[in-house]
1. Return one whole number: the accessible area per residue of the chain in Å², for a 1.4 Å probe.
2. Could you tell me what percent of the accessible area of the stretch 26-111 is made up of carbon and sulfur, with a 1.4 Å probe and every protein chain present?
3. Scan the stretch 1-99 for chymotrypsin sites (Phe, Trp or Tyr not before Pro) in coil per DSSP, keeping those whose Cβ has at most 12 other Cβ atoms within 10 Å, and list them by number.
4. What size of dipole, in debye to the nearest 20, comes out for the stretch 5-77 about its Cα centre when the only charges are +1 on Lys and Arg C-beta atoms and -1 on Asp and Glu C-beta atoms?
5. Before rounding to the nearest 500, sum -39500 (n - 2.57) across all DSSP H runs of length at least 4 in the chain and divide by the residue total; then give [θ] at 222 nm in deg cm²/dmol.
6. Could you state the principal axis extents of the C-alpha atoms in the chain, from the largest down, to the nearest angstrom?
7. Using a Gaussian network for the chain with springs between C-alpha atoms less than 10 Å apart, which of these wobbles most: Ser65, Ser95, Ser44?
8. Among Leu43, Leu31, Leu11, which one shows the highest mean-square fluctuation when the chain is modelled as a Gaussian network with alpha-carbon springs under 10 Å?
Amino acid sequence: MNSLIEKIISLIKIKGDQVKLEFISRFSTFLAISILFLMLVFLSLLMLIFLSLGIAVIFNEFLMSAYWGYLIASAFFFLMIIMVLWMARSGKIQSWLEEVIIESSYKKNHE
């Protein structure tokens, strides 16, 4: 009887260790993807800043002005902000994200 109880306890410990390792694996994958995503966002923002400054300087030279290029670039980004806010208020972003999450979870469950 003691042997059976010891085997059950050891199986429970093994299952607990297996669950811990699975959690560690999923959490490390999540952290790695999160870090990669944040690095890509940061580098993309830097690229966007320098690209917009370059375009603004080109507009300044084309318009022979010291500030019109920067105003044009700022107006473009202002319009982009308005467009994103409109999309957020209309629910288009949320519905798109729901579709992506549902599709990705469906693919994972059926592989």
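The values are calculated or read from the model by the stated rules, or taken from the named source; none is laboratory data. As the structure is a prediction and not an experimental result, all values here were calculated from the model. Don't worry about glycine lacking a Cβ; one is built from the backbone with ideal geometry, like all the others, and counts go over all protein chains shown. For the accessible areas, the whole protein counts, side chains as well, though only heavy atoms, and no ligand, DNA or RNA atoms are used. Shrake-Rupley method; radii C 1.70, N 1.55, O 1.52, S 1.80 Å.
1. It amounts to 93 Å² per residue over the chain.
2. Numbers: 6060 of 7840 Å².
Reported share for carbon and sulfur atoms: 77 percent.
3. Working: sites: Phe23, Phe27, Phe30, Phe37, Phe42, Phe50, Phe59, Phe62, Tyr67, Trp68, Tyr70, Phe76, Phe77, Phe78, Trp86, Trp96; in loops: Tyr67.
Those satisfying the criteria are Tyr67.
4. Details: 5 positive and 4 negative charges, 95 e Å.
Dipole about the Cα centre, nearest 20: 460 debye.
5. -34000 deg cm²/dmol
6. Projected onto its principal axes, the Cα set of the chain covers 93, 29, 23 Å.
7. Maximum among the listed residues: Ser95.
8. Residue with maximal mean-square fluctuation among Leu43, Leu31, Leu11: Leu11.
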